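Participant: Quick one: structure below, then a few questions.
The values are calculated or read from the model by the stated rules, or taken from the named source; none is laboratory data. Remember, it's a predicted structure, so these values are computed and weren't measured experimentally. Reconstructed Cβ throughout: ideal geometry from the backbone, glycine too, with neighbour counts over all protein chains shown. Remember, those area values only see protein heavy atoms, side chains included, never the ligands or the DNA or RNA. Shrake-Rupley method; radii C 1.70, N 1.55, O 1.52, S 1.80 Å.
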Number of protein chains: 2
Amino acid sequence: MIPQAPPGPLAEGGLRVVALGGIGEIGRNMTVFEFGGRLLIVDCGVLFPEDQQPGVDLILPDFRAIESRMDQVDAVVLTHGHEDHIGAVPFLLRHRPNLPVVGSRFTLALVAAKCKEHRLTPNLVEVAEGGRVSFGDFECEFFAVNHSIPDALAVAIRTPAGVVLHTGDIKLDQLPLDGRLTDLAGFSRLGDDGVDLFLVDSTNAEVPGFVMAEREIGQVLDGVIARAQQRVIVACFASHVHRVQQVLDVAVRHGRRIALVGRSMVRNMGIAADLGLLHVPEGLLVDLDEALHLPEHEVLFVSTGSQGEPLSALSRMARGDHRQIKIFPGDTVVLASSLIPGNETAVFGVVNELSRLGANVVHQGNARVHVSGHASAGELLFLYNAVRPSNVMPVHGEWRHLRANAALAVATGVPPDHVVIAEDGVVVDLVDGRAAISGRVEVGHVYVDGLSVGDVGDSTLSDRLILGEGGFIAITVAVDSTTGRAVAPPTISGRGFSDDPKALDEVVALVEKELSHSEAEGITDTHRIAQSVRRVVGRWVADTYRRRPMIVPTVIPV
Amino acid sequence: MIPQAPPGPLAEGGLRVVALGGIGEIGRNMTVFEFGGRLLIVDCGVLFPEDQQPGVDLILPDFRAIESRMDQVDAVVLTHGHEDHIGAVPFLLRHRPNLPVVGSRFTLALVAAKCKEHRLTPNLVEVAEGGRVSFGDFECEFFAVNHSIPDALAVAIRTPAGVVLHTGDIKLDQLPLDGRLTDLAGFSRLGDDGVDLFLVDSTNAEVPGFVMAEREIGQVLDGVIARAQQRVIVACFASHVHRVQQVLDVAVRHGRRIALVGRSMVRNMGIAADLGLLHVPEGLLVDLDEALHLPEHEVLFVSTGSQGEPLSALSRMARGDHRQIKIFPGDTVVLASSLIPGNETAVFGVVNELSRLGANVVHQGNARVHVSGHASAGELLFLYNAVRPSNVMPVHGEWRHLRANAALAVATGVPPDHVVIAEDGVVVDLVDGRAAISGRVEVGHVYVDGLSVGDVGDSTLSDRLILGEGGFIAITVAVDSTTGRAVAPPTISGRGFSDDPKALDEVVALVEKELSHSEAEGITDTHRIAQSVRRVVGRWVADTYRRRPMIVPTVIPV
């Protein structure tokens, strides 16, 4: 079993690794490496909340384990520009504004845009594949990696304790759109020299085989758009430059102009075009107003909203309340995107509304319009065989993914006891070439809700879940503070309990009876009176309705 | 577009069809047929709530359109025993206790068990494939249908207005475990005579090809269980008799005894065995206590909980709080079940917890341990070509499924204007051999929450969503009813708002200031005072936190 106690001091010459997010879950990736009293961070992303975390905007990695050591951090290295790898950088920089933020050109452009929204000016250090940069005792070497965003990197970290290779998010598309292959040759060379600890993306470890090439989607899109007689709307992630590139290429072939819809789509594609990562033929892009006046078979909208986000352009079109774009029977809508677990209801809600309006809706469920950005099992085997690591630590995944990834490592010959399955907060020490769990530090969920970070915690969420399931019944009583006698009839109100205005009529008499009873017993303590009111109303509602609303008694002494 | 007005009177000699549930959604199937002033109902099921319907237990079909005509109903015909087809029968019988409830032997056994829980004694009419029974002018003929539960039927309804064929839930497994094929020959014969309206299951219309044969799962299970060294737990639906049969057969081959876990599993398999639908070798079944004392490689548990239901046996094992069954590293858990949309988070939560405990978890995502019960597109084409209907009405599906099913009908030669896509409440009249939409009746969501039906409505759900996202801030003020002067400091409390005990400290002064202001203006109306308190607190919380809790002011005149 995983130990619960904090680890002892790190052995002289050893390297310590701990994830403050991203293991045992998918999102908020953040791994901290420690050598000789100094720290290096790889990635600092956010996690999007689930049903059990209602009302929360974002979940951050838990910085507590390093909060008092911020001055010992040499740098934060970002593998790529997705939110689950960069989204928490502004929150980290609040602790250490001048921390070097290391990444590729496109990654840093996205970080800069994000920091600008937070009114921060980060200390950016640009790197590229093939480059080496040292931060204290951490010598970092960067490798090109293929993923669902351009300019992704893996990072090898050389320390006196050994060599670590962290894949970041990775897949092995052998015909990538930009020709930038995952540098398997580089990994092999590194493996020849010896990799002591290999941290490997687990997201798709359960999926057998290989991810289809991104460019095959272009052919599917071509078929769909060739058949379309009217307007076409393609929704995808606003950072998926290659997906958008393929849409642009298809549009050109079929004589359609392109309008970008959605703030992040416009911003990111602008950045990508500026950096030469997106090739936009002259005159292809038109603005939305112009697009609305083009003949319907000469226009294609590239939009955000592929995850069914209720405020996105696509959701508004589906509900019929987008100010400019109205869906007509015969229009074509393509969701060229993954279906992130947890978003199924929202996404299919949008698909159904669009279908109801008569649109021809093409999505992952009925056409090959999406491929994953993460290596399937077959690709992971290639990685293990190229790197031939001494020790393996699966990262980026829930437990089912971690176990599956570990099994793949073992299948390629890594001894089972050299595969370390950790989770957030579990401390792994690499000492004398051997990785092992040495303890655990506390890693909780840090919630961002509105403007505040961290004030919403388990107690608030537990109350929200109770309120969301059953609403509340509030009973307000004013009592004479010397006699405990009620000075006015109790006020009863329920919200989220029933649509029936008479649902709580019986409660007044019930509470009055209880109050006379308390008074007769000479109880004047408002807390005790409140407790007895809560008890009697709670029992009544359970017996009468078999429901469990929150019971909120307020007793005011006057 | 679909008309919004109720239809005019049904034409003389016409047949009217309206779904009170089950079209435009998956679940609570209920279709009402009307001829000559009499009604026949096919199916009466429940729908399970989504995120947007928090706290609700079940959703019923909306009976309002027929509530005043219950005495005109000749019978309710049930195609099979799944909850989404029979679950609302007890609620229908409250309106008409003696209504004939028509179905196959297994279906009626499940209905009887359900009615017993509701203390109802239904008027059951048993039918079987090949049989014909008349209810008034409705002559029903029943056809064997293959589905994920035994003894399913399709029903042809002959009326003077024409012949209707309703598939119920259907697929075309050509090697069914019980040898009971969907009666395609019977459908063809009916088609020779002419089918005027064909109501067809749309659930899998978007899925290309054919559903794999149920018996292929047996081979996969055999491989999994052959490799298992320790305990095996297989979770599946408690009504999926054939799935359980295969588990039993595999257990026998590998020398394991079986214990059934979960109330509905025990009950349903008892019924199935009594009816000869489940073959249980002598001595195979043991009770749970006995199973716990068997060597771990000689036992297999068949359990409920495949959808991640939090109170189910499997979820409790995953959380480590099942009283009897504890999961050890190396145990094997198989989820031989579908992943119903909306349950992903719960199911994968269970898979992750089991993986964390070291179990080898086999599920739909990593092995072929489930096949759907609904015909894919390829099978639906067989149905259309066998029946050659004059008019088609896709049922059992969300809009995306209805559209896909309609396209399949058209592909087999049904003229597009003879394919009627309706949704709940849309009235379709079959007159002179032609089906067309004639209007719409109101069909809303009828919620069961605890003991009450219908008192939880949109207003309550909307409050629950607000409370669940942001909690509430309650402000209680006692004022002198003649002067409007506060007689005690305001009481402020928040639930589901913040874990920080000081989060609302500023509010007291804010409210006191607002109250003095009201008093100075001579306002004594408690409603107006409450409004101004709500306004000032709402603005403060939006500015300070950028959150939207419910603001609940209570002003008590004393």
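Participant: For the rotation taking A to B, I'd like to know which residue in chain A has the C-beta closest to the axis, plus that distance in Å.
Facilitator: A:468, 1
Participant: Could you list which residues have their amide H under 5 Å from that of residue A:25, counting only those 5 or more apart in sequence or on another chain, with H placed in the peptide plane?
Facilitator: Distant-sequence amide H within range of residue A:25: A:397, A:398.
Participant: Also, quick follow-up: P(r) tail for the stretch B:214-363, what percent of Cα pairs lie past 26 Å? List each step's numbers first, then the result.
Facilitator: Working: 1761 of 11175 pairs.
I get 16 percent for the Cα pairs in the stretch B:214-363 exceeding 26 Å.
Participant: Which listed residue (B:122, B:170, B:156) has the Cα farthest towards the positive end of the charge dipole for the stretch B:119-198, taking +1 on Lys and Arg C-beta and -1 on Asp and Glu C-beta about the Cα centre?
Facilitator: About the Cα centre, the residue reaching furthest to the positive side is B:122.
Participant: Determine the relative contact order of the stretch B:135-195: mean sequence separation of Cα pairs under 8 Å and six or more apart, normalised by residue count, in whole percent. Write down the numbers at each step before the final one.
Facilitator: Details: 91 pairs, mean separation 19.0, N = 61.
Relative contact order, the stretch B:135-195: 31 percent.
Participant: Right, next: Using only Cα atoms, locate the centre of the stretch A:393-436 and the centre of the stretch A:179-229, then give the distance between them in Å, rounded to an integer.
Facilitator: A separation of 22 Å, based on Cα centres.
Participant: To the nearest 100 Å², how much accessible surface do chains B and A hide from each other in total, with a 1.4 Å probe? Kindly include the intermediate steps, with their values, before the conclusion.
Facilitator: On the way: alone 24410 and 24390 Å², together 43380 Å².
Buried area (both sides, nearest 100 Å²): 5400 Å².
Participant: How far is residue B:282 from itself in the other copies, in nm, if each label sits 7 Å out from Cα along the Cα-Cβ line, shortest first?
Facilitator: With the label placed 7 Å along Cα→Cβ, residue B:282 yields 9.1 nm.
Participant: Please give the helix A:263-274 orientation as an angle from the longest Cα principal axis of chain A, in degrees from 0 to 90, rounded to the nearest 10.
Facilitator: Once rounded, the angle reads 20 degrees.
Participant: Then there is this: Just the number, please: carbon plus sulfur as a percent of the accessible area of the protein assembly as shown, 1.4 Å probe, no ligands or DNA/RNA counted. Each step should come with its number before you reach the end.
Facilitator: Details: 22090 of 43380 Å².
Whole-percent figure for carbon plus sulfur exposure: 51.
Participant: Rounded, prolate or oblate, given the Cα gyration tensor of the stretch A:232-289, with a/c below 1.5 counting as rounded?
Facilitator: Values: a/c = 1.37, a/b = 1.21, b/c = 1.13.
Because its axes are fairly even, with a/c under 1.5, the stretch A:232-289 counts as rounded.
Participant: Now a separate question. Express the relative contact order of the stretch A:81-132 as a whole percentage, based on alpha carbon pairs under 8 Å and six or more residues apart in sequence.
Facilitator: On the way: 52 pairs, mean separation 22.1, N = 52.
This gives 42 percent for the stretch A:81-132.
Participant: Going toward the positive end of the dipole of the stretch B:214-363, with +1 on Lys and Arg Cβ and -1 on Asp and Glu Cβ, which of B:234, B:358, B:261 do you reach last?
Facilitator: B:358
Participant: Another one. Give, as a single signed number, the net charge of other residues whose beta carbon lies under 15 Å from the beta carbon of residue B:406, with Lys and Arg counted +1 and Asp and Glu -1. Walk me through the numbers before you get to the answer.
Facilitator: Details: positive: A:356, B:400, B:403; negative: B:201, B:206, B:398, B:417, B:423.
Every neighbour counted, the sum reads -2.
Participant: So, one more: Give me a single rounded figure for B:352-362: the average over its residues of other chain Cβ atoms within 10 Å of their Cβ.
Facilitator: Rounded to a whole number, the mean comes out at 4.
Participant: Moving on. So which residues in the stretch A:525-558 end up with at least 20 square angstrom less accessible surface once the other protein chains are there, compared with the chain by itself, probe 1.4 angstrom?
Facilitator: A:545, A:546, A:547, A:550, A:552, A:554, A:556, A:558
Participant: Can I ask one more? Using DSSP, restrict attention to beta bridges with both residues in chain A and report what percent are antiparallel, rounded to the nearest 5.
Facilitator: Of those bridges, close to 55 percent are antiparallel.
Participant: At residue A:223, with labels set 7 Å past Cα in the Cβ direction, how many nm apart are the copies from this one, shortest first?
Facilitator: For residue A:223, the other copies' label points sit at 2.8 nm, shortest first.
Participant: Using the Cα centre as the reference, give the magnitude of the dipole from point charges on the C-beta atoms of the stretch B:165-279 (Lys, Arg: +1; Asp, Glu: -1; all else neutral), rounded to the nearest 20 debye. List each step's numbers first, then the result.
Facilitator: Working: 12 positive and 14 negative charges, 207 e Å.
Computed charge dipole of the stretch B:165-279: roughly 1000 debye.
Participant: Continuing with the same structure: Would you tell me the mean number of C-beta atoms belonging to other protein chains that fall within 10 Å of each C-beta in A:492-502, as a whole number?
Facilitator: Per residue, the number of nearby Cβ atoms from other chains is 6 on average.
Participant: Shortest first, in nm, what separates the label point of residue A:8 from those of the same position in the other copies (7 Å along Cα→Cβ)?
Facilitator: Listed shortest first, these distances are 9.3 nm.
Participant: On to the next question. What's the center-to-center distance, using Cα atoms, between the stretch A:285-330 and the stretch A:131-174 in Å?
Facilitator: First find each Cα centre; the distance between them is then 39 Å.
Participant: Also, I was wondering about something else. Give the relative contact order (percent, whole number) for chain A; include only Cα pairs under 8 Å separated by 6+ residues. Before the final figure, lay out the partial values.
Facilitator: On the way: 1245 pairs, mean separation 90.1, N = 558.
Relative contact order for chain A comes out at 16 percent.
Participant: Please say if chain B is rounded, prolate or oblate, where rounded means a/c under 1.5 for a ≥ b ≥ c the square roots of the C-alpha gyration tensor eigenvalues, and otherwise the choice is prolate for a/b larger than b/c and oblate otherwise? The partial results should precede the final answer.
Facilitator: On the way: a/c = 2.35, a/b = 1.32, b/c = 1.78.
It comes out oblate by the Cα gyration axes.
Participant: Moving on to the next point. From other protein chains only, count the Cβ atoms within 10 Å of every residue's Cβ in A:456-464, then give the mean.
Facilitator: Values: counts 10, 3, 1, 4, 10, 4, 2, 9, 10.
Partner Cβ neighbours, averaged per residue: 6.
Participant: Still on this structure, I have one more. Would you mind computing the Rg to Rh ratio of the protein assembly as shown from its alpha-carbon coordinates, Kirkwood style for Rh? Walk me through the numbers before you get to the answer.
Facilitator: Numbers: Rg = 31.9 Å, Rh = 32.6 Å.
Across the protein assembly as shown, the Cα-based Rg/Rh ratio is 0.98.
Participant: Tally Lys/Arg at +1 and Asp/Glu at -1 over every other residue whose Cβ is under 13 Å from the Cβ of residue B:522; what's the total? Write out the running numbers ahead of the final one.
Facilitator: Details: positive: B:485, B:528; negative: B:480, B:519, B:521, B:525.
Taking every other residue near residue B:522 into account, the sum is -2.
Participant: Ordered by packing density, taken as the mean number of other Cβ atoms within 10 Å over each peptide's residues, highest first, how do A:156-163, B:326-333 rank? Could you put the intermediate results ahead of the total?
Facilitator: Working: A:156-163: 21.1, B:326-333: 17.4.
Averaged packing, sorted descending, gives the order A:156-163, B:326-333.
Participant: Right, here's the next one. Charges only on Cβ, +1 for Lys and Arg, -1 for Asp and Glu: so what's the dipole of the stretch A:214-363 about the Cα centre, in debye to the nearest 20? Present the calculation step by step, with values, prior to reporting the outcome.
Facilitator: Numbers: 14 positive and 16 negative charges, 47 e Å.
Approximately 220 debye in magnitude.
Participant: Rounded to the nearest 20 debye, what is the charge dipole size of the protein assembly as shown about its Cα centre when +1 sits on each Lys and Arg Cβ and -1 on each Asp and Glu Cβ? The partial results should precede the final answer.
Facilitator: On the way: 96 positive and 138 negative charges, 52 e Å.
Value, rounded to 20: 240 debye.
Participant: Moving to a separate point now. Just in the stretch A:75-125: which trypsin sites (Lys or Arg not before Pro) are loop by DSSP and have at most 11 other Cβ atoms within 10 Å? Write out the running numbers ahead of the final one.
Facilitator: Numbers: sites: A:94, A:105, A:114, A:116, A:119; in loops: A:119.
In loop regions of the stretch A:75-125 (DSSP not H, G, I, E or B), the sparsely surrounded trypsin sites (Lys or Arg not before Pro) are A:119.
Participant: Give the aspartates and glutamates reachable from residue A:513 as a straight Cα distance under 19 Å; neighbours fewer than 8 places away on the same chain don't count.
Facilitator: The reachable aspartates and glutamates, counting only those whose Cα sits under 19 Å from residue A:513, are A:480, A:505, A:521, A:525, A:543.
Participant: How much net charge surrounds residue B:539 when only the other residues with a Cβ under 14 Å from the Cβ of residue B:539 are counted, with Lys and Arg +1 and Asp and Glu -1? Please list the in-between numbers first.
Facilitator: Values: positive: B:513, B:534, B:535, B:546, B:547, B:548; negative: B:506, B:514, B:543.
Local charge sum for residue B:539: +3.
Participant: Now for a different question. Nearest 5 percent is fine: what portion of the DSSP beta bridges confined to the stretch A:80-149 is antiparallel? If you can, show how the numbers build up before the last one.
Facilitator: Working: 4 of 8 bridges.
In the stretch A:80-149, approximately 50 percent of DSSP beta bridges are antiparallel ones.
Participant: Work out the P(r) tail for the stretch B:1-62: percent of alpha carbon pairs separated by more than 12 Å, whole number.
Facilitator: Details: 1367 of 1891 pairs.
Taking all Cα-Cα pairs of the stretch B:1-62, the fraction more than 12 Å apart is 72 percent.
Participant: Okay, moving on. Starting from the Cα of residue B:116, draw a straight line to each of the aspartates and glutamates and keep only those under 17 Å, dropping any in the same chain fewer than 8 residues away.
Facilitator: Cα-Cα hits under 17 Å: B:83.
Participant: Once the cut-off is 15 Å, how many percent of the Cα-Cα pairs in the stretch A:458-557 end up in the long-distance tail?
Facilitator: Working: 2956 of 4950 pairs.
Counting every Cα pair in the stretch A:458-557, those more than 15 Å apart make up 60 percent.
Participant: I've got another one for you. Within the stretch A:363-417, which chymotrypsin sites (Phe, Trp or Tyr not before Pro) sit in a loop by DSSP and count at most 16 neighbouring Cβ atoms inside 10 Å?
Facilitator: Working: sites: A:382, A:384, A:399; in loops: none.
Loop-located and lightly packed - none at all.
Participant: Residue A:440 accessible area, nearest 10 Å², 1.4 Å probe?
Facilitator: Number for this one is 40 Å².
Participant: Return the whole-Å distance between the Cα centroid of the stretch A:48-119 and the Cα centroid of the stretch B:1-40.
Facilitator: 56
Participant: Also, quick follow-up: Identify, among A:273, A:245, A:288, the residue whose Cα sits farthest towards the positive end of the charge dipole of the stretch A:214-363, taking +1 on the Cβ of Lys and Arg and -1 on the Cβ of Asp and Glu, with the dipole about the Cα centre.
Facilitator: A:288
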